[in-house]
Amino acid sequence: MIRNLLVPKGSRAQRFATGRHFFCAPLLALFTWMIIVVADARAVTVPTVPVGNAGNAADQNYLDQGQFGAVAYAYRMGTTEVTNSQYAEFLNAKAASDPFELYDLPSMGVGNVRGGITRSGVNGSYTYALKPNMGDKPVIAVNWYDAIRFANWLSNGQGSGDTETGSYTLGPLGPRGVPINRDVVRNAGATWVLPSENEWYKAAYYQPAAQGGDVDNYWLFPTASNSVPTLATADAVGDISNPGPNVANTQRGANWNGSVDRGNITTVGSAGPLSRSFYPAYTAKRLPIRLVFSEQYSTLEDAVTRERQLKGWSRAKKAVLVAGDREGLQELSKRRANSTKTD
């Protein structure tokens, strides 16, 4: 999950606001990877860092948004976002024919300067290649189901490893490879998984005051700072060109590769070690912000009201919203309404 950065100090709920666009951060949690047990070295290697201080208390309840960050156990978090290079390995292994739509043609391909992977060939013999200077950039246009299939593939040894079982069991499928039972959760004994809200939040913001953190043990920004981060800029190959303390790629500052005044993704980790959190995972390095869902509101109050509503949704319902599955969203809403009436 990635939270927006450029907001006033003092309210984490306001961290979702940029101009008139208010981001629903809980939905973005679907695209971060965490490891519990490190697998053997394979074609795709995902570096991780330990997140300790097990049993830490949760953060304050800002604007009635809930308390987050308390995790009773130690775990490991990926140090960067999943890159185009890593995801292309996955596609070449599992998407020669792509019934699950693991590849998003309009967003990942040549028509989008932020996309980093091209596809060639015909159905049944598709191959995937990296665009120039894009291998070490974060993959975009990956939805919840793509992400858990990637996690399953890692868990099952990569290569020809299964995408439908492992850390998650997808079960019977509907159109476009969407599970009929959308309430998919991590299995007991899972290895590579997506983090929970609390796991992500802790890795991003937590640092004990006794170990140099803020007085309440949580920073306002995931760059180990309470100050608004410095706007990142980019060089000709997409590296952040002004690395240093408290630097973040946000607000359309990093323009390169044909992007003019619209911003672009940048090389993972290129903000440098001084822009990391206490636990140096990608959430704190502030690698490029990758928006997967947004809604526009005229006031912060309206955005907060909507965010409260979304926080009450199940993960399955959030996933179908991000995936643009309107029928699935309506079905889950009806199911919830019927359950409420029965109760």
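Derivation of every value follows stated rules applied to the coordinates shown; laboratory data play no part. What you are looking at is a predicted structure, and each value in this text was computed from that prediction instead of being measured. Cβ: placed from backbone, ideal geometry, glycine included. Neighbour counts: every protein chain shown.
Tabulated data
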item: Pairwise label distance in nanometres, A129 with T165, each label 7 Å out on the Cα-Cβ vector; result: 3.7 nm
item: Calculated FRET efficiency for the pair N242/N187, C-beta based, R₀ 56 Å, to 0.05; result: 0.85
item: Virtual spin-label span in nm between A96 and Q309, 7 Å along Cα→Cβ; result: 4.6 nm
item: Residue order, fewest to most beta carbons within 10 Å, for L231, L170; result: L231, L170
item: Separation in nanometres of the label points that stand 7 Å from Cα toward Cβ, at A57 and S227; result: 2.8 nm
item: From phi via Karplus (6.51, -1.76, 1.60), per-residue ³J(HN,Hα) for segment 47-60 in Hz, x at Gly/Pro; result: x, 9, 10, x, 10, x, 6, 4, x, 5, 6, 6, 6, 5
item: Additional length obtainable on full extension of the chain from E197 to D216, 0.36 nm per residue less Cα span; result: 4.9 nm
item: Centre separation in Å (Cα based) which lies between segment 112-178 and segment 193-224; result: 30 Å
item: Whole-Hz ³J(HN,Hα) from phi, Karplus 6.51 cos²θ - 1.76 cosθ + 1.60, for segment 143-149, glycine and proline x; result: 8, 4, 6, 4, 5, 6, 5
item: Placed amide H near Y218: partners under 5 Å, 5+ positions off or other chain; result: Q207
item: Amide H contacts of V51 (H built 1.01 Å from N, under 5 Å, at least 5 apart or other chain); result: Y75, R76, M77
